[in-house]
Structures are given as structure tokens and as C-alpha cells.
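The values are calculated or read from the model by the stated rules, or taken from the named source; none is laboratory data. Not measured: the values here are computed from a predicted model. Using ideal geometry, Cβ is built from the backbone for each residue, glycine included, and neighbour counts are taken over all protein chains shown.
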Amino acid sequence: MMNLLKISLFSLILISLISCGGFEKVDLRKTPVNMQERAKKNVEEGQGTSIQSMIKRRGGTNYEFSTSNPLWRASLEILDFIPMTTVDYSGGMIISDWYTDNNKNNESIKISIRFLSNEVRSDSLKIIVHKKTCQANLNCRISLLNNSKIGLELQGTIIRKAALFEKESKKKKKK
């Protein structure tokens, strides 16, 4: 029993050393002795980063927030009456929950909007509308409404609203 414990402990230590590169030979002639030179070499080889290189890159980053995207804002404002299941700006997707109008209790719709671009154009959005029709015994049928009137009207309304938001933001930038 004791030998089995020693062998397993030795194997564990051996595996951990091998996985860490413990047996890899390092040529000290090629590795700088000075810490700053070694750090610079690692950054050049892509093995690390330095604070100075992060500071130098600071100005080139372009951040875009959801409040600055007119399509996103218009979509949320128009669909504010429907409960949402997924609202993911970084993934570019809005998915509503099933929505039932008070007039038709056995029918409900679900709307998915995918943002293909940040430009205010009709091909920047992909709107998918699903319709669920349920019978009295809770036997439901879900169908995809391709090029439906709801989807086309929704797309047109979102584009018009986004164009207004974009026009307002351009006026603010001019002032």
C-alpha cells in the first residue's frame, strides 16, 4: 500500500514537471540577463505585455456603446411593450418572449432581431417572426412567418426611427 502511494506521488510530480516544461533546456546566451531587456524580448515574441505598450495603444481603440447605435435604440424603443428573453448588444441580438394580443388568446408571436451592421439601412437588420397557434387542449403549432407583414412593418418602423435618431445625433455634433 505504501509503495503504491509513493509511486502515485512520484508520477504526479513527474507529470506536473513535464507539463510545466521542467525538462526544457534554456540557452542562457540567448536570454538577456537584464530584467527590462528580457521583458522587452518577451513582448516582441508575443509572450507577454508591458504597461508601456498598453499606454501607447490607448488612443487607437474605438468603443461603441449601445446608446450610440441608432438601430439598437430604435429597436428597443419600438419593442418596449413586449417582454424580452434576450437582449445582447455585443452579440447583436434581441429576442422577445411570446406575445399575445388581448384579442387573440390562442395566437402569439415571437420576434427575433439580428443586427448585421451598425449602418441605418434595411439590410442591416434580419427580423424573424414566429407564430404560435394553440388549440383548446394546449396542442400548439409554431410556424415561421417569412416576409410577413409584421416583420416588414417592424423593419420599416425601426429604420425610420433609427434615421431620426441618427439625424438628431448629427445635429448635436454640429452644435
Looking at (1) surrounded by 13 or more Cβ atoms within 10 Å (Cβ to Cβ); (2) at pLDDT 90 or above; (3) outside any helix (DSSP H, G or I), which is the only condition Asn118 fails?
(2)
Take segment 152-175 and flag every residue that is part of a helix (DSSP H, G or I) and of a type in the set (Lys, Arg).
Arg160, Lys161, Lys167, Lys170, Lys171, Lys172, Lys173, Lys174
Enumerate the pairs (first residue in segment 134-146 and without any contact (Cβ under 8 Å) to a residue 40 or more places away in the chain and within 12 Å of Ile109 (Cα to Cα); second residue anywhere and surrounded by fewer than 10 Cβ atoms within 10 Å (Cβ to Cβ) and not hydrophobic (A, V, I, L, M, F, W, C)) with beta-carbon separation below 9 Å, excluding pairs fewer than 6 apart on the same chain, so at least 6 apart or on different chains.
Cys134/Asn105; Cys134/Arg141; Arg141/Gln135
Within segment 90-106, identify whether any single residue is within 28 Å of Glu168 (Cα to Cα), assigned to a loop (DSSP other than H, G, I, E, B) and without any contact (Cβ under 8 Å) to a residue 24 or more places away in the chain, and answer yes or no.
yes
In segment 129-151, residues that are surrounded by 15 or more Cβ atoms within 10 Å (Cβ to Cβ) and either modelled with pLDDT of 90 or more or assigned to a helix (DSSP H, G or I) (or both) total 5
Got a sec? Which of Phe10, Phe65 is at pLDDT below 70 and more than 30 Å from Cys140 (Cβ to Cβ)?
Phe65
Here is a list: Lys126, Lys104. Which entry is surrounded by 10 or more Cβ atoms within 10 Å (Cβ to Cβ), modelled with pLDDT of 90 or more and among the charged types (D, E, K, R)?
Lys126
